[in-house]
Amino acid sequence: MKRRDFIQKTAAAGIFTGIGGTALLSSSFASAEAKHITILHTNDVHSHIDPFPTSDDSYPGQGGVAKRYTLIKNIKKENPNALVLDAGDIFQGTPYFNFYGGELEFKLMSKLGYDAATIGNHDFDNGIGGLHAQLPNAKFNLLNANYDFSNTVLDGQIKPYQVFHKGGVKIGVFGVGIQLQGLVSKKMYKETVYHDPVNISQDIVKKLKETEKCDLVICLSHLGYSYESDKIDDLKLASQTKNIDLIIGGHSHTFLEKPTVTKNAEGKEVLVNQVGWAGIMLGRIDFYLDHANKVNGKGASILV
């Protein structure tokens with residue numbers, strides 16, 4: 001869908017759809033007895049702190065951290081059981097990054113209440129040392145399971161996953177990143193070793209479900225939404241794994257009108273979502289868990 005048509009339809013309709021495309025606002029999953037978890041997310045913000053100018057041909061007056069802050073604050077008032085997540089490429093794209101090196105981005109994300117983020121290829125644009133230097137400014141964890149940082153300054157600094165407790169629900173969140181070789185200069189990521197995200201995801205999800213006993217499992221992916229080639233992407237990751245409830249994607253700057261509903265390796269439904277780039281959209285996914293913790297969800301993309 002063309003970006004402008006998508007934004008007009010989304011803003012006008014306030015799209016909320018459930019798994020399979022059915023409305024859930026009146027379903028039993030939205031009843032008072034259901035546990036309600038809200039996931040808010042961004043991807044590929046690329047250091048866009050300010051809104052686009054009102055004269056911009058593509059995104060007039062859209063985006064900006066201040067407006068996103070207000071949206072997040074209001075949604076958290078509606079449902080305190082919320083997580084705020086990012087799928088990478090936080091850095092690079094405006095002079096704010098050139099001047100501050102990522103300090104401002106991490107400080108503002110901390111102010112907005114982000115709970116976790118994964119690492120995109122552009123987050124290495126000041127080198128692995130530049131990323132490491134900014135970690136104290138992030139009051140949230142960077143998560144990645146398929147980059148081995150053992151022989152780098154990031155050794156022990158990046159968690160593969162994190163478990164959150166919200167409203168009686170255990171939520172496991174993990175991150176996976178794109179192959180850096182050929183995309184990022186070796187001098188920027190140094191001795192970082194890339195591992196296959198499918199195999200790593202299967203291992204992490206098994207631990208989250210069997211050891212951590214998570215009710216919801218969310219993957220923060222900086223792989224890209226879909227490729228015609230054999231290159232791993234979010235849809236392929238969903239189809240080759242199991243027990244992931246939601247993949248929040250990045251890298252391909254894909255505007256989705258609503259979360260894609262696809263099937264995992266067991267034929268069960270998985271939500272895959274991505275909200276373009278530059279912070280002009282905020283993704284929202286609402287999960288409802290019944291008394292047996294059976295999961296159902298609905299999604300929307302909100303214009304900032």
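Answer yes if at least one residue in segment 111-126 is at positive phi, charged (D, E, K, R) and surrounded by 17 or more Cβ atoms within 10 Å (Cβ to Cβ), and no otherwise. Looking through segment 111-126, none of the residues is at positive phi, charged (D, E, K, R) and surrounded by 17 or more Cβ atoms within 10 Å (Cβ to Cβ).
Listed conditions (1) β-branched (Val, Ile, Thr); (2) buried (at least 18 other Cβ atoms within 10 Å of the Cβ); (3) in contact with a Ser or Thr (Cβ under 9 Å, 6 or more places away or on another chain) are all met by THR94, apart from (2). The one condition from (1) surrounded by 20 or more Cβ atoms within 10 Å (Cβ to Cβ); (2) closer than 16 Å to GLY130 by Cα; (3) among the acidic types (Asp, Glu) that GLU103 does not meet is (1). Looking across ASN151, ASN137, ASN144, one residue alone is surrounded by fewer than 23 Cβ atoms within 10 Å (Cβ to Cβ) and either within 23 Å of ILE247 (Cα to Cα) or free of Cβ contacts under 8 Å to residues at least 40 places away in the same chain (or both). It is ASN137.
Looking at ILE128, ILE72 in this structure, which one is under 19 Å from ASN43 (Cα atoms) and outside any strand (DSSP E or B)? Even if it seems obvious, please write down each step before you answer.
Details: ILE128 fails: under 19 Å from ASN43 (Cα atoms).
Being under 19 Å from ASN43 (Cα atoms) and outside any strand (DSSP E or B) holds for just one of ILE128, ILE72, which is ILE72.
The rows are residues; the columns are (1) assigned to a loop (DSSP other than H, G, I, E, B); (2) small (Gly, Ala, Ser); (3) closer than 23 Å to CYS214 by Cβ; (4) more than 17 Å from the chain's Cα centre (by Cα).
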position	(1), (2), (3), (4)
HIS122	no, no, no, no
PRO136	no, no, no, yes
LEU154	yes, no, no, yes
HIS165	no, no, yes, yes
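Quick check on segment 99-120: of everything there that is assigned to a helix (DSSP H, G or I) and among the hydroxyl-bearing types (Ser, Thr, Tyr), which residue is nearest to ILE39 (Cα to Cα)? Top of the filtered list is SER110.
How about segment 19-64: which of its residues are under 30 Å from ASP290 (Cα atoms), part of a loop (DSSP other than H, G, I, E, B) and modelled with pLDDT of 95 or more? ASN43, the sole residue that qualifies.
Scanning segment 246-277 for residues that are among the hydrophobic types (A, V, I, L, M, F, W, C) and either part of a strand (DSSP E or B) or buried (at least 23 other Cβ atoms within 10 Å of the Cβ) (or both) turns up LEU246, ILE247, ILE248, PHE255, VAL261, VAL270, LEU271, VAL272, VAL275, TRP277. Pairs are defined by a Cβ separation below 8 Å, a sequence spacing of at least 6 or placement on different chains, a first member in segment 56-82 that is in contact (Cβ under 8 Å) with a residue 40 or more places away in the chain and under 19 Å from MET109 (Cβ atoms), and a second member that is surrounded by 14 or more Cβ atoms within 10 Å (Cβ to Cβ) and basic (Lys, Arg); the pairs so defined are ILE75/ARG284; ALA82/LYS76; ALA82/LYS166.
So which residues in segment 105-125 are of a type in the set (Gly, Ala, Ser) and more than 15 Å from SER47 (Cβ to Cβ)? Before the answer, list the steps.
If we filter segment 105-125 for residues that are of a type in the set (Gly, Ala, Ser), which is where we start, we get 110, 113, 116-117, 120.
If the condition is that a residue be of a type in the set (Gly, Ala, Ser) and more than 15 Å from SER47 (Cβ to Cβ), then SER110, GLY113, ALA116 are the ones that fit.
Run ASP230 past the list (1) touching a strand residue (DSSP E or B) at 6+ places or on another chain (Cβ under 7 Å); (2) in a loop (DSSP other than H, G, I, E, B) and report the number of the one that doesn't hold. For ASP230, the failing item is (1).
The values are calculated or read from the model by the stated rules, or taken from the named source; none is laboratory data. Being a predicted model, the structure only gives us computed values, none of them experimental. With ideal geometry, Cβ positions are generated from the backbone for all residues, glycine too; neighbour counts draw on all protein chains shown.
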